[in-house]
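As structure tokens, the structure follows; a few thoughts come after it.
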Amino acid sequence: MTPNPTPRTWRFAPRNFSESRHLRRHLGLDRLVSRILANRGYTDLDEAYAFLNPTFSQLGDTDTMIDMDRAVRRTLEAFRDGDRIRVCGDDDVDGVTSTSCVYLFFKQLGIPADFCIPLRTEGGSGINMNVIRRAARDGVQLLITTDCGVTNVEEIALARQLGMDVIVLDHHTMPEELPDAVAILNPMRPDNRYPFKRLAAVGVAFNFVRGLWKALCDYGLLSPSRIDLREYLDIVALGTVADVVPLVSENRVFVRLGLEILRRRRRPGISALLDRAHVDDQPITARTIGYRIAPLINAAGRMGDASRCVELLTTNSYKRADALSRELERDNWERQRTEREILEEAIGLAAAEFDAGRNLLMLSSHSWHQGVLGIVASRVKERFHRPAAMVAANPETGMARVSMRSIRGIDLIAALRTIEPLLESYGGHIAAAGMTLPIDNLEQARSRLEAAISAQADPMPSPILQIDAESRLADLNASFINDLEHLAPFGAGNPEPILLVRNVRARGKIINERHLRLRLREGEVAMNAIGFTLASRAEILDRPLDVALTPRLTHPWQQQRLELTVHDIRPYGANRDRARTSGLAE
């Protein structure tokens, strides 16, 4: 059976009344917005100002990134000697934008570099032995990897044997053994002095470009006014949002400034993507990237050849960009159809595993398209609140590729390290990882992985609903929402605020068997709302409620409208003592 949504633990923000009043007085913020900002830890006036006003000058000094000097020096030598350079990246949005960022800089400099995005069907994402051999045949002398490479010890060893130097631009968790590369730029390196660690790969790539730009200017080889690096931030914003890194510090700079550039549609590829995303006159936000643009780019790598996306983002021809974006749109339609079919089958398999008490939902098929397994693993994880692993097994090769997604409190990389002898390769992050292994090792890997996951947390930790502040329905007006935009862009690490409204009356209707359409009333104020996956809570609508919700402005048909998304509902007063001690209300 498919379970009801896992009960969420409501976690309340700390008491910061005096700090929020201080912010409101000095920064001129709305009362509720200043409280949200203070409750999120921005209690220092200078830090809060910097958060609200991100600037290019807030980026760190690229010289503090370990191996930056080596990477810049080898690249400048390649420029001087006319070495053939190839940029090779992963096939997701982060990999595509990382590759585009570096390749575009070389292109603007007039350096005759090329790029490649390996096909998933020919050795998996990122670099592999075939990629290395092809580069050697093509006479490549400097290979730059983006969003991959840090775990490719054998592949890079082969590249060195074949006469190539390799520069790795990556952000994935560092393995114990590092590849023999000329330089490895990775903010996760324990010996790294760069102040911000949570960059996407495109952030690493952009910092590499910044380091090159600075060196070229210092040596008098480039006029600072010739290339404005700020104009790259639309591409950097795409990869940063899509890779779900925290939108704080440098990532916030990238996305806030990048959205401003993206809205101008100066780049033909960006303009074509926005046309295909049917944004029309809607405001372009981080949500636009995450839910409209990123799926189009990701579809190319999932269903075919993602190198088209690099061409799309770097072409100067709108005609070519339009043609490529239409191909991506068709790929995305096919991706959606394939995903629906696999998800339906996966939910049935996962329900059986869940009912059997499994802490790891590891699902396998010989027929699943490996391009959508990461998405499906995320959906399964969200539905059952268990770590999920989707296996695409290939009997012809005897190998299986596995995409994994985790929940709060479970470190996938730590779990994978416990079964390393069973694997051909693995990598990724704490919450999203992948592995390749012989089919014959699958059952043993499943058993040992589940044991490792259970050792980290058993029972599984419940999901957390972080409440930012208490409010009234009357406070949720257009003026408040407009002020709330000062806290944007929203995303990982800086989510849209969740507010607690007490003693609300509600009428509701179940839609599509899983969701609730609600009419909320507090005193004389009534508002419509939607509660996704809350159909099972309809039974408590006959009593006063505490409602956790997020307000946002939408613009259907060019009309401004307030939209409330309800995350959870509980009987009125169920959390009153905890909320009072946490200081949600002033």
Considering the options Thr121, Thr146, Gly110, tell which one lies farthest towards the positive end of the dipole of region 67-172, charges being +1 on Lys and Arg and -1 on Asp and Glu at the Cβ, about the Cα centre. Gly110
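What is the magnitude of the charge dipole of region 57-330 about its Cα centre, with +1 placed on the Cβ of each Lys and Arg, -1 on the Cβ of each Asp and Glu, and no other charges, expressed in debye to the nearest 20?
That gives region 57-330 a dipole magnitude of about 780 debye.
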Across the chain, how large is the tail of the calculated P(r) beyond 43 Å, expressed as a percent of all Cα pairs? 22 percent
In a shell of Cβ-Cβ distance under 14 Å around Lys381, excluding Lys381 itself, what net charge do Lys and Arg (+1) and Asp and Glu (-1) give? +4
Taking 326-337, 247-258 and ranking on average Cβ neighbours within 10 Å, highest first, one gets 247-258, 326-337
Which cross-chain or sequence-distant (5 or more) residues have an amide H under 5 Å from the amide H of Ile511, H modelled 1.01 Å from N in plane? Leu516, Arg517
Within straight cross-link reach of Lys107, meaning Cα distance under 23 Å, which lysines are found once same-chain residues fewer than 8 apart are removed? Lys214, Lys319
Amide hydrogen neighbours beyond the local backbone of Ile127, cut-off 5 Å, H modeled: Gly149
Pairs of Cα atoms under 8 Å, at least six residues apart: use those to get the relative contact order of the chain, whole percent. 14 percent
Under a Cβ-only charge scheme (Lys and Arg +1, Asp and Glu -1), can you give me the dipole magnitude of region 357-456 about the Cα centre, in debye to the nearest 20? 460 debye
Quick one: compute the contact order of region 57-330, relative version, from alpha carbon pairs under 8 angstrom and 6+ residues apart, as a percent. 22 percent
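Do any GluC sites (Glu not before Pro) in region 449-548 lie in a DSSP loop with no more than 12 other beta carbon atoms within 10 Å, and if so, which?
Glu513, Glu524
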Give me a comma-separated list of calculated 3J(HN,Hα) values for region 363-372, in order, Karplus coefficients 6.51, -1.76, 1.60 applied at θ = phi - 60°, integers in Hz, x for any Gly or Pro. 10, 9, 7, 7, 10, 6, 6, 5, x, 10
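Mind putting a number on the dipole of region 1-160 about its Cα centre? Charges go on the C-beta only, +1 for Lys and Arg and -1 for Asp and Glu, and I need it in Debye to the nearest 20.
That gives region 1-160 a dipole magnitude of about 660 debye.
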Between Ala13, Ile156, Ala205, whose Cα lies farthest towards the positive end of the dipole of the chain when Lys and Arg beta carbons carry +1 and Asp and Glu beta carbons carry -1, centred on the Cα centre? Ala13
Once you have a ≥ b ≥ c as the square roots of the Cα gyration tensor eigenvalues for region 322-474, tell me rounded if a/c is under 1.5, and otherwise prolate or oblate according to whether a/b is larger than b/c. oblate
Whole-Hz ³J(HN,Hα) for each residue in region 502-519, computed from phi via Karplus 6.51 cos²θ - 1.76 cosθ + 1.60 with θ = phi - 60°, x for glycine and proline: what do you get? 9, 6, 9, 9, 9, 10, x, 9, 6, 10, 6, 6, 10, 10, 10, 9, 10, 10
Summing +1 per Lys or Arg and -1 per Asp or Glu among the other residues with Cβ less than 11 Å from Arg505's Cβ gives +2
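None of the figures in this text is laboratory data; all of them are computed from the coordinates on show. Since this is a predicted model, take the numbers as computed values, not measurements. Please note: Cβ atoms are built from the backbone with ideal geometry, for glycine as well, and neighbour counts cover all protein chains shown.
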